[in-house]
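To keep things clear, I will list the structure first and then write my remarks on it.
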Amino acid sequence: MARPRKPLLSIDRIVATARALVDTEGLAALSTRRLAAELGVSGPSLYNHFRTKDEILEAVADSVSAQVDLSMFEDGRPWRTALHDWAVSYRAALRDHPNIVPVLARGPGRRPAALRLADAVYGAMVEAGWPPSQATSIGALMRYFIMGSALGSFAGGFVDDQSAYDPADYPHLGQAHLLADQQEKVDERAFETGLAALLDGLAQQYERLGRPA
């Protein structure tokens, strides 16, 4: 009887396995030796597809960028609506893969999906009438805001222990111990509040350019 064939090693399989490893155990857990073990192959087999661990991390980061919806920049939505919907999709992708955010924060580099993302945002803003320099700034500030929101949970930073917030020391944190239990709701509301404020400010700048909001 023939032995069952091992799954073929491919770029997609390497990236998916590396992404799962980073998701569950963090960036420090990823090494070529550990990844090869997870894939059931010898370490040198990986080098047929990637020269270094950094190349694998770049590919993992780009696979997350590829999950971000860009259709809102192509279907005629107003620039403000498009930015809002894109920001929500971007944050959702980062929320699902928070451990890779430090790699994404380095910038797009040569990563194809990340460059398509930057191109889509910049192109849509210029097409909407923003001057090129301001379109660049908008792309940058949106990235700062979205990635910052994905780096950690505000609500999750508080402990579920009322005694940690003695009113003699922290007179305004009497309900802080409840935040951790409401983490998702608090963080979502904070993101939407900040995003609305950011877009309101951009709309005012847009009007000062002499263009309708």
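Residue pairs whose Cβ atoms lie under 6 Å apart, separated by 6 or more positions or on different chains, with the first residue in the stretch 120-136 and under 14 Å from MET72 (Cβ atoms) and the second open to solvent by 30 Å² or more (accessible area, probe 1.4 Å) and at pLDDT 95 or above, are ALA120/LEU70; ALA120/PHE73; ALA124/PHE73. Restricting the stretch 130-160 to residues that are at pLDDT 95 or above and not in a helix (DSSP H, G or I) leaves a set whose member that is surrounded by the most Cβ atoms within 10 Å (Cβ to Cβ) is TRP130.
Among the candidates LEU151, LEU179, LEU173, LEU198, the residue that is of a type in the set (A, V, I, L, M) and under 30 Å from GLY76 (Cβ atoms) is uniquely LEU198. Would it be correct to say that LEU46 is touching a Pro at 6+ places or on another chain (Cβ under 9 Å), open to solvent by less than 50 Å² (accessible area, probe 1.4 Å) and modelled with pLDDT under 95? Answer is no for this residue. Within the stretch 49-58, if we keep just the residues that are in contact with a Leu (Cβ under 9 Å, 6 or more places away or on another chain) and in contact (Cβ under 8 Å) with a residue 40 or more places away in the chain, the residue that is surrounded by the fewest Cβ atoms within 10 Å (Cβ to Cβ) turns out to be HIS49. When every residue of the stretch 79-89 is checked against the conditions, none turns out to be open to solvent by 70 Å² or more (accessible area, probe 1.4 Å) and aliphatic (A, V, I, L, M). Can you spot a residue in the stretch 112-124 that is over 20 Å from the mean Cα position of the chain (by Cα) and more than 23 Å from LEU195 (Cβ to Cβ)? No, there is no match, as no residue in the stretch 112-124 is over 20 Å from the mean Cα position of the chain (by Cα) and more than 23 Å from LEU195 (Cβ to Cβ).
Comparison of LEU202, LEU117, LEU173 shows that the only residue that is more than 26 Å from ALA61 (Cβ to Cβ) and open to solvent by less than 20 Å² (accessible area, probe 1.4 Å) is LEU202.
Look through the stretch 25-34, keep the residues that are open to solvent by less than 60 Å² (accessible area, probe 1.4 Å) and within 23 Å of the chain's Cα centre (by Cα), and return whichever of them is farthest from TYR90 (Cα to Cα). So that I can check it myself, show each step before the final result.
Taking the stretch 25-34 as the starting set, the residues that turn out to be open to solvent by less than 60 Å² (accessible area, probe 1.4 Å) are 26-27, 29-32.
Going one step further and asking which of them are within 23 Å of the chain's Cα centre (by Cα), we end up with 26-27, 29-31.
Details: GLY26: 20, LEU27: 20, ALA29: 25, LEU30: 24, SER31: 27 Å.
Within the stretch 25-34, the match that is farthest from TYR90 (Cα to Cα) is SER31.
Going by what's in this entry, would VAL22 be described as without any contact (Cβ under 8 Å) to a residue 60 or more places away in the chain and within 23 Å of the chain's Cα centre (by Cα)? Judged against the criteria, VAL22 is not a match.
Checking the structure you have, find out if any residue of the stretch 106-114 is open to solvent by 40 Å² or more (accessible area, probe 1.4 Å) and assigned to a helix (DSSP H, G or I). So that I can check it myself, show each step before the final result.
Narrowing the stretch 106-114 to residues open to solvent by 40 Å² or more (accessible area, probe 1.4 Å): 106, 108-110, 112.
Of the ones still in play, those that are also assigned to a helix (DSSP H, G or I) are 112.
Within the stretch 106-114, one or more residues are open to solvent by 40 Å² or more (accessible area, probe 1.4 Å) and assigned to a helix (DSSP H, G or I).
Of all residue pairs spaced 6 or more apart or on separate chains, those with beta-carbon atoms under 7 Å, a first member in the stretch 176-202 that is small (Gly, Ala, Ser) and a second member that is surrounded by 12 or more Cβ atoms within 10 Å (Cβ to Cβ) are ALA176/PHE158; ALA176/TYR165; ALA180/ALA155; ALA180/GLY156; ALA180/PHE158; ALA180/VAL159; ALA190/PHE154; GLY194/PHE145. Among the residues of the stretch 28-36, is there at least one that is of a type in the set (Val, Ile, Thr) and either in a loop (DSSP other than H, G, I, E, B) or at pLDDT 95 or above (or both)? There is no residue in the stretch 28-36 that is of a type in the set (Val, Ile, Thr) and either in a loop (DSSP other than H, G, I, E, B) or at pLDDT 95 or above (or both). For HIS84, the criteria (1) of a type outside the set (Asp, Glu); (2) under 14 Å from the mean Cα position of the chain (by Cα); (3) within 22 Å of GLU192 (Cβ to Cβ) hold in every case but one, which is (2). Is it fair to say ALA61 is buried (at least 16 other Cβ atoms within 10 Å of the Cβ), aliphatic (A, V, I, L, M) and more than 12 Å from the chain's Cα centre (by Cα)? For ALA61, the condition - buried (at least 16 other Cβ atoms within 10 Å of the Cβ), aliphatic (A, V, I, L, M) and more than 12 Å from the chain's Cα centre (by Cα) - is not met.
The values are calculated or read from the model by the stated rules, or taken from the named source; none is laboratory data. All of these numbers come straight from a predicted model, not from anything done at the bench. Cβ atoms come from the backbone with ideal geometry, glycine included; neighbour counts cover every protein chain shown. Heavy atoms of the whole protein, side chains included, go into the accessibility calculation; ligands, DNA and RNA do not. Shrake-Rupley method; radii C 1.70, N 1.55, O 1.52, S 1.80 Å.
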